[in-house]
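What follows is a set of notes on a single structure, which appears directly below.
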Amino acid sequence: MSDCVEKIPCSSCGSPDNKQVFEDEGVYTAWCFGCGTYDNDPYKDKPKDYKPTFLKKTPEVVAKELYEISQYPVVDIPSRKLSKETLEYFGVRVGLSQSDGESPAILYRPYTKDGVFMAYKAKILENKKTWSNGNQRDVDPFGWDQAVQSGSFKLVITEGEEDAMAIYQMIKDKNKHTEYKDLIPAVISIPHGASGSVKDLAKHIHTIESTFKEVILAFDMDEVGQQWAGQVVKDILPTASIAKLPAKDGNACLIEGRSKACVSAVWWNATPPKNTRIIKGSALRDKARLKPEWGLPWPWKGMTDLTRGRRRGETIYIGAGVKMGKSELVNALAKQIIVDDDLPCLLVKPEEDNAKSYKMLVGKAAGRIFHDPKIPFDTAAWEKHEPNIGDKALIVDSYQFVDWDTLKNDIKYAVTVEDVKDVILDPITCFTNELSSSAANEELVRLAAELSAMAKDLDFTAYIFCHLKAPSQGDPHERGGKVLSYQFAGSRGMMRSCNYMIGLQGNKDPDLTLEERNCRDLVLLEDREFGEAGIVKLYWDHRTGLFQEI
């Protein structure tokens, strides 16, 4: 989308300021709103090093512009075969030609955010040049408010605003003399083009899934449009169908007189994409011959050596006995991701207050204890290290109970919109607190399988933490009992779904010295990737709150 740069005189019509200059990735073009003249090089008479003066509009100026546009007329658009009634439904305004005062010249498509009007996305009908009046960066899809209030059980998503209006109009016209004449189709357009479709739609995944029973993607029929339609299905809307339009896009169907075929393709004949799992070996040749690489490091070198690092698409299961330091591991790992890897991290910690979770994370970054009233609060250390955590820590706002089907959407949003590559769940048993033992085990197996599939499909790393079952014989975990794979909640299902199973063990016998009580073993129990097993010895420093490798 172009940015408005400045207004200059037009040599064709003599206007002193009707010629608007646009900038798009360093290329300048101009359009005269007085005579309709297009100029592909408005600065050809200027020195090569000429720098145009960008328009800097105050909020008051922007508000005045938006109000003025809202008073523009609504008329039929013959070149697009869009009716006045359709434009009125979507709130579109029309800028008329300044040369004759009658011909439609510019479409102003409105955009809102949470029901609040934000911007008009303008488009010159003749040359398709687009720009925004107002802030259109973070907005809902075009037609979103109308779709949610439509009462329709189907949602059609297009790639462009005129396509959304065209498909809406075609469905309304088709049903005009049928029992469906009162049907209000729910049709929206993604606001920032096909490449932004996953991120833009992920922000609304909760409402889409709770409001509509069916979702149909009516993207452009070119390679890019179909590629991104498939990506939307793969990443966030696995049950969505993809329509095969009889023309290149929805508006083209209307213009070319293919309305009947288009409505059938969208409303009745859209199908889920084929999902064959058969891959020929030759297709894997180039990827398979790549030399193996180390993954991202763990906070402890010994674990990095055993596992060869942390990799995307993998799921890691970590368990510990009650009060053995599981939360310290969680925070140490989150600090590694956020501070050392400089990446965002999603944390699901329903057993801990959100503010405390954040305080503990900053403590790991600073090597300080901030949550213990016995220890003076080090304000200087907090002020120095807290910014290193900041917005890179994304914490799910939930306490004691988390619904898995809801959390899946939170994870998809974090991965696709916030660019999260690491997801930590602590503990996974919070999903099964109200279930019987047998039902809980079945549920954990399901969750592990779904989370592992999501990690692979969306290319993130999942870390699952849990409390261990008490040993069936011998010493309890808090008295030095060994951690074994069968003690993990949902252990057999987890063994199948997870790439690694890691246990934390130690001895908190009060008869031992403080140093002995603070020793822990991080035990690699199961390794699907390399078949390794081993122990990494750690010491928890009560002065800094950090696990250090011995």
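The values are calculated or read from the model by the stated rules, or taken from the named source; none is laboratory data. This structure is a prediction, so every number in the text was calculated from the model and none was measured. Counting neighbours? That spans all protein chains shown, and the Cβs are built from the backbone with ideal geometry, glycine included.
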Residues within region 268-302 that are under 24 Å from T461 (Cβ atoms), at pLDDT below 85 and in contact with a Ser or Thr (Cβ under 6 Å, 6 or more places away or on another chain), tallied: 0
Unique residue being in a strand (DSSP E or B) and over 30 Å from Y168 (Cα atoms) when the list is K48, K57, K7: K7
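Inside region 375-461, counting only helices (runs of 4 or more DSSP H) that do not spill past its ends, which hold 2 or more residues that are assigned by TED's automatic domain parsing to the domain that holds S357, of a type in the set (S, T, N, Q) and buried (at least 16 other Cβ atoms within 10 Å of the Cβ)? If you could, list the steps in order and put the result at the bottom.
Values: elements: 379-389, 404-416, 437-458.
By residue number, 404-416, 437-458.
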Matching residues, region 472-491, being surrounded by 14 or more Cβ atoms within 10 Å (Cβ to Cβ) and at pLDDT below 90: S485, Q487, F488, A489, G490, S491
Every residue from region 328-351 that is buried (at least 18 other Cβ atoms within 10 Å of the Cβ) and part of a loop (DSSP other than H, G, I, E, B): P344, K349, P350
Hey, L296 assigned by TED's automatic domain parsing to the domain that holds L447 and in contact (Cβ under 8 Å) with a residue 24 or more places away in the chain or not: no
Any hit, region 313-323, residues being in a loop (DSSP other than H, G, I, E, B), touching a Phe, Trp or Tyr at 6+ places or on another chain (Cβ under 9 Å) and surrounded by fewer than 20 Cβ atoms within 10 Å (Cβ to Cβ): yes
Residue satisfying all of: in region 221-253; assigned to a helix (DSSP H, G or I) and touching a Pro at 6+ places or on another chain (Cβ under 7 Å); farthest from I184 (Cα to Cα) among these: G230
Residue under evaluation F370, criteria (1) crowded, with 19+ Cβ neighbours inside 10 Å; (2) outside any helix (DSSP H, G or I); (3) under 18 Å from the mean Cα position of the chain (by Cα); (4) not basic (K, R), criterion not met: (3)
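Would a scan of region 307-324 turn up a residue that is over 30 Å from Y486 (Cβ atoms) and basic (K, R)? Walk me through how you get there before you give the answer.
First pass over region 307-324, keeping only residues over 30 Å from Y486 (Cβ atoms): none.
No, there is no match, as no residue in region 307-324 is over 30 Å from Y486 (Cβ atoms) and basic (K, R).
Let me confirm something: among K64, K51, K44, K19, which residue is touching a Gly at 6+ places or on another chain (Cβ under 9 Å) and basic (K, R)? Steps first, answer last, please.
On the way: K64 fails: touching a Gly at 6+ places or on another chain (Cβ under 9 Å); K51 fails: touching a Gly at 6+ places or on another chain (Cβ under 9 Å); K44 fails: touching a Gly at 6+ places or on another chain (Cβ under 9 Å).
Being touching a Gly at 6+ places or on another chain (Cβ under 9 Å) and basic (K, R) holds for just one of K64, K51, K44, K19, which is K19.
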Output for region 119-150, where each listed residue is touching a residue at least 60 places away in the same chain (Cβ under 8 Å) and among the β-branched types (V, I, T): I124, T130, V148
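Report, by residue number, each residue of region 136-149 that is farther than 20 Å from A265 by Cα and modelled with pLDDT of 95 or more.
So the first thing to find is which residues in region 136-149 are farther than 20 Å from A265 by Cα, and the list is 136-146, 148-149.
Residues satisfying the conditions are V139, D140, P141, F142, G143, W144, D145, Q146, V148, Q149.
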